Amino acid sequence: MKSPASLRADFPLLNTQFEHAPLVYLDSGATSQKPSCVIEAISRYYSEQNANVHRGIHTLSELATTAYEATRNQLAKYLSVSSSEIVWTKGATEAINLIAYGLRDTIDSSDTIVISALEHHANIVPWQQLCQKTGAKLIVLPVNELGILEIDNAYQIIEQAQPTVLALSHASNALGNIQPIESLIQFSKQFNTITIIDGAQGFLHLQPNLKELDCDFYVLSAHKALGPTGLGALYGKYEALCALPVYQTGGEMIDSVSFEHTTFAAPPAKFEAGTPNISAVIAFKSALEYLESLNHTQIRAYELELFNYLVKSLRAIDGIKIYGDLINNIGTVSFNYKNEHPYDIAHLLDQNGIAVRSGHHCTQPLMAHLNVSGTVRVSLAFYNNHQDIDLFISALKTAISLLD
Ligand code: PMP
């Protein structure tokens, strides 16, 4: 098994220069880098297997279909669920929209939907739209002044609201906080709440076992977990997927069609209308195999050590304010320097080859609560190293000296 430090060599872009400086990639929360095996799998698909899936009986189509379904099996195994419970989508955003859209006819003004103040817009706006359409009530679990969920308050609110839907992120993209989803899912069961977990950030770092987690739905984006862009997955308990109405309609999601009437296929085909992102699905298998080959206990310990080193280095700089939960964290640090605009800091860092994200991170309500327009966000992955952090801190000190 490879040591965490040696894994970096598998990621070609991390071994390149960017505008004459070594690239320091600290924006994995936005999208992860891709290992060579994933890049090669995309190329291999187009040069050796390119055909549509589930359509032809010719050999090439059968080859592509087998490879496409093999990824579904691989992801199901990774999540400890069944293949028929995995639906391919464009990403986490589409997966959440698919669920929210499907609930339009079952939710009404007597229902309540609970989310947390830490959610990404992708896990706020679809629920807000659903509430506006149906008259249901949206309730937000509060966070404290650093953005940490007020857990006792959360239990009380859920008990009082007895929500129809509880939709929470596994981990916050803006602050990295790992949410106590296990206990909140279990607690909500007594109210027959539909539990939905946005795993866009959690999937890569936390290897969820969905059988144990026992949520009704879990969504993820492949591009944030070493895979290609334009692909995500929706896990739903089979009976929950059966109960959910179709999202988009068209080819391949039907059982039979006449001009008078259409019957639909069973899940997951029911939710996969049209030609899917075949190359991305097939290449995602390589990403999953890569993830499976890692020693996750070792990787997590390594990520945490890097994270603690980053936090300590930032704390040593006067005028830095760090937000979020620095104990239960996937390896993402959000900070500001005095009253400087996060964009200015990120721009100066970029001039030294350091890629970080600045802004509201698609969490405007959270930023408003923290009383900031945005933050600078450093999001780590296992392919980062101590040198990345040293180069970042040195470039940050230079940026600060220019701004002060
Ligand atoms: N939820 C969270 C927590 C995220 O971080 C993101 C992406 N930043 C999304 C949802 C949406 O993912 P995508 O844009 O890949 O659909």
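Its Cα gyration tensor gives region 268-387 an equivalent ellipsoid. The semi-axes, each the square root of 5 times an eigenvalue, are 32, 21, 14 Å from largest down.
Taken about its Cα centre, the chain carries a charge dipole of roughly 360 debye when the Cβ of each Lys and Arg holds +1 and the Cβ of each Asp and Glu holds -1.
In terms of solvent-accessible area of protein heavy atoms at a 1.4 angstrom probe, what is the ranking of Cys242, Cys37, highest value first? Provide the component values of the computation, followed by the final result.
Numbers: Cys242 65, Cys37 45 Å².
Solvent-accessible surface, decreasing: Cys242, Cys37.
Between Val219, Val246, Val378, the GNM of the chain built on Cα springs shorter than 10 angstrom shows Val246 fluctuating the most. Note on the chain: with a GNM built from Cα contacts shorter than 10 Å, the maximum mean-square fluctuation among Asp108, Asp325, Asp216 falls on Asp108.
Take every DSSP beta bridge with both residues inside region 112-197 and express the antiparallel ones as a percent of the total, to the nearest 5.
Working: 2 of 13 bridges.
Expressed as a percentage, antiparallel bridges in region 112-197 total about 15.
Loop-located trypsin sites (Lys or Arg not before Pro) across region 265-321 with a Cβ neighbour count of 12 or fewer within 10 Å are lacking, with loop assigned by DSSP.
Report, in listed order, any pair from Lys285/Lys312; Lys224/Lys321; Lys285/Lys397; Lys2/Lys338; Lys237/Lys312 with a Cα-Cα distance greater than 31 Å.
Exceeds cut-off: Lys285/Lys312; Lys285/Lys397; Lys2/Lys338; Lys237/Lys312.
How far apart, in nm, are two points set 7 Å out from the Cα along the Cα-to-Cβ line at Glu182 and at Gln298? Those two pseudo-labels are separated by 2.4 nm. Once both labels are positioned 7 Å from their Cα atoms along Cα-to-Cβ, the gap between Lys133 and Glu145 label points is 4.0 nm. Expressed to the nearest 5 percent, the antiparallel share of DSSP beta bridges inside the chain is 60 percent.
Ranking Tyr343, Ala100, Phe264 by Cα position along the charge dipole of the chain, where only Lys, Arg, Asp and Glu carry charges on their C-beta atoms, puts Tyr343 farthest toward the positive end.
Qualifying GluC sites (Glu not before Pro) in region 207-300, where qualification requires a DSSP coil assignment and no more than 10 other C-beta atoms within 10 Å, comprise Glu260.
When Rg and Dmax are taken over the Cα atoms of the chain, they come to 21.8, 71 Å.
Spin-label model, Tyr155 to Asp390: label points 7 Å out along the Cα-to-beta-carbon direction sit 4.6 nm apart. Simple rule: put +1 on each Lys or Arg Cβ and -1 on each Asp or Glu Cβ in the chain, find the dipole, and look at Ile393, Val356, Ser116; the Cα lying farthest toward the positive end is Ile393. Every Cα-Cα pair in region 1-106 was counted, and those over 17 Å apart are 73% of them. Enter the Cα centre distance for the pair region 93-152 and region 253-281, rounded to the nearest angstrom. Computed from Cα coordinates, the inter-centre distance equals 28 Å.
Here the Debye sum runs over all C-alpha atoms of region 169-325 as equal scatterers in vacuum, and log10 of I(q)/I(0) at q = 0.12, 0.16 Å⁻¹ comes out as -0.70, -1.08. Note on Leu380: accessible area approximately 10 square angstrom, rounded to 10, probe 1.4 Å, nucleic acids and ligands left out. The figure for Leu213 is an accessible area of roughly 10 square angstrom, using a 1.4 Å probe on the protein chains alone. Of the GluC sites (Glu not before Pro) found in region 1-87, the ones in coil according to DSSP and having at most 11 other Cβ atoms within 10 Å of their Cβ are Glu19.
The values are calculated or read from the model by the stated rules, or taken from the named source; none is laboratory data. Just so you know, these numbers come straight off a predicted model, no measurement behind them. Cβ: placed from backbone, ideal geometry, glycine included. Neighbour counts: every protein chain shown. What goes into the accessible areas is simple: the full protein's heavy atoms, side chains included, and nothing from ligands, DNA or RNA. Shrake-Rupley method; radii C 1.70, N 1.55, O 1.52, S 1.80 Å.
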